[in-house]
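*Asks:* The structure's right below; bear with me while I get my questions together.
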Ligand code: MD3
Ligand code: FE
């Protein structure tokens, strides 16, 4: 229903009660893996969002490039476990024969927070979908083609919405143009949290 082969949108897949429970569970995990502001490789320019991870592997942005790492670069501690509700979401929708290894958490904490157009290509298991769950404020999300300048289409992602990104669309360019401040009351203090579940390594 998005018009893109391999992209499925499930509006309100998580109800309010499940959303609230998950936000509490995430905030508990943030104690052991506090969200931090990554910097761009090479330029060192700070991102407009905060990030952290759950799972055996976390996605990190380092001076030398992007990587998946079993530990937090700041504390050197392993990332906390992926919450059970998210493992269940993967079982429901991923149609993949192995569990996710990474849950990347993006926190859009400021009115100007955004994510530029990019492709997710640091995973070896490119046959696995990426699952995205949005919490809190609605955002304007953009999906394009396979080259940076291809025409694109935008969608709103609201709290509780799940997006499955797989098949022919797994390597499409995409980004978040902006967040609509004050559009949700889910997160104390406002903002948006996006969770992406990823299989990184090829299953044995
Ligand atoms: C379309 N996050 O973490 S999630 C990311 O809302 C990322 O924070 C955005 O892009 C966010 O890498 C968008 C939706 C998403 C994720 C992966 C995709 C859309 C995608 C891969 C291919 C096409
Ligand atoms: Fe992405």
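No lab work stands behind these numbers, since they all come straight from the coordinates. All values reported here derive from a predicted model rather than from experimental measurement. No Cβ is skipped: glycine too gets one built from the backbone with ideal geometry, and neighbour counts run over all protein chains shown.
*Asks:* Which of rounded, prolate, oblate describes the range 94-204, given a ≥ b ≥ c as roots of the alpha-carbon gyration tensor eigenvalues and a/c under 1.5 marking rounded, otherwise prolate only if a/b is larger than b/c?
*Replies:* Because a/c hits 1.5 or more and a/b fails to exceed b/c, the range 94-204 counts as oblate.
*Asks:* What is the range 97-204's relative contact order, in percent, from Cα pairs under 8 angstrom and six or more apart in sequence?
*Replies:* 47 percent
*Asks:* With an 8 Å Cα cut-off and a minimum separation of 6 or more residues, compute the relative contact order for the chain in percent.
*Replies:* RCO, the chain: 27 percent.
*Asks:* Which distance in nm do the two modelled labels at residue 77 and residue 5 give, with both placed 7 Å along the Cα-to-Cβ direction?
*Replies:* The answer from the label model is 4.6 nm.
*Asks:* Under the rule of -39500 (n - 2.57) per DSSP H run of 4 or more residues, summed and divided by the residues of the chain, what mean residue ellipticity at 222 nm is obtained, to the nearest 500 deg cm²/dmol?
*Replies:* Helices in the chain give a 222 nm mean residue ellipticity of -4000 deg cm²/dmol.
*Asks:* Next question, about the same structure. In bins 10 Å wide, starting from 0, what share of all Cα pairs of the range 1-121 does each bin hold, as a percent?
*Replies:* Pair shares across the bins are 11, 37, 39, 13, 0.
*Asks:* Also, quick follow-up: Can you give the direction-averaged projected area of the convex hull of the alpha-carbon atoms in the chain, in nm²?
*Replies:* 10.9 nm²
*Asks:* Where does each of 150, 5 land when they are ranked from fewest to most other beta-carbon atoms within 10 angstrom?
*Replies:* Neighbour counts put them in this order, fewest first: 5, 150.
*Asks:* Roughly what would the spin-label model give for residue 146 and residue 40, points 7 Å off Cα along C-beta, in nm?
*Replies:* 2.7 nm
*Asks:* Assuming R0 = 35 Å, what is the FRET efficiency of residue 119 and residue 21, from their Cβ-Cβ distance, to the nearest 0.05?
*Replies:* For residue 119 and residue 21, the calculated efficiency is 0.60.
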